[in-house]
Amino acid sequence: MSPRRKGLLYWCIGFVCGIVLLVQVQNHLYSNYRVEGKSMTPTLEEGNRLIVTKAGFDERDIEHFDIIVFHKNKREDYVKRVIGLPGDEITYRNGFLYINEQYIEELYIRDEADLGTGSAQTGSFTLKSLMGVDKVPEGMLFVLGDNRDKSYDSRHFGFVPVDEVVGKVNMRYWPLTEWQADF
């Protein structure tokens, strides 16, 4: 075989190996997601591109207020914020969050004055009033979108099974002017 053909063969083998490696990284370590809709505004805007960590991820890695991607069904993945972990009692009183009877300030959601609605966007509810249980069940999460008035979330579809979580959002890389790696 001529040196030229040999070089081309090595280049092709390297290219194919690179593609295989890229596919494996995407399938097992990290994934790329595009934000669809306005449910996570102002934290994430429609069209933002995200990197989600999947490697070594299990239930113990999920913490309050993490932004996660999960399988809503076989065709759709959703991006939401974790509000309740297994065993948590979640209450909203006049738009204010209480986890296990302790007030939690939510700095990441829009102020009602910014919305122009004149009402607390989360309203008042308890897990009991929404789902008939006092606490988030084992193996489940309670998630909400940051744009509470426009979000289809656990208030509507119920708890998210932990085994449906793809991973945690760890970086927004697009648009470049909004690059962020501290979610």
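We did not get these values from a lab; they are worked out from the coordinates using the rules stated. Source: prediction; values computed, not measured. Glycine also receives a Cβ, built like all others from the backbone with ideal geometry; neighbour counts cover every protein chain displayed.
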* Asked: Here are several values of Cα extents along the principal axes in Å: (i) 96, 41, 35; (ii) 77, 37, 26; (iii) 62, 56, 23. Which one was derived from the coordinates shown?
  -> (ii)
* Under 24 Å from the Cα of LYS6, which lysines turn up, not counting those fewer than eight places away in the same chain? -> none
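Using the number of other C-beta atoms within 10 angstrom as an exposure proxy, rank MET140, MET171 with the fewest first.
MET171, MET140
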* Enumerate the lysines that LYS72 could reach by cross-link, defined here as Cα to Cα under 30 Å, with residues fewer than 8 away along the same chain left out. => LYS38, LYS54, LYS80, LYS128, LYS135, LYS150, LYS168
* Structure fact -> Taking placed amide H atoms and a strict 5 Å upper bound, the residues 5 or more places from GLY167 or on another chain that come that close are VAL69
* Structure fact -> Per-residue ellipticity at 222 nm attributable to helices in the chain (runs of n ≥ 4 DSSP H, -39500 (n - 2.57) apiece, nearest 500 deg cm²/dmol) works out to -6000 deg cm²/dmol
* **Angle between the chain longest axis and helix 3-28 axis [Cα atoms, degrees, rounded to 10]** => 10
* Structure fact -> Of 161-169, 122-130, ordering from highest average Cβ density within 10 Å down gives 161-169, 122-130
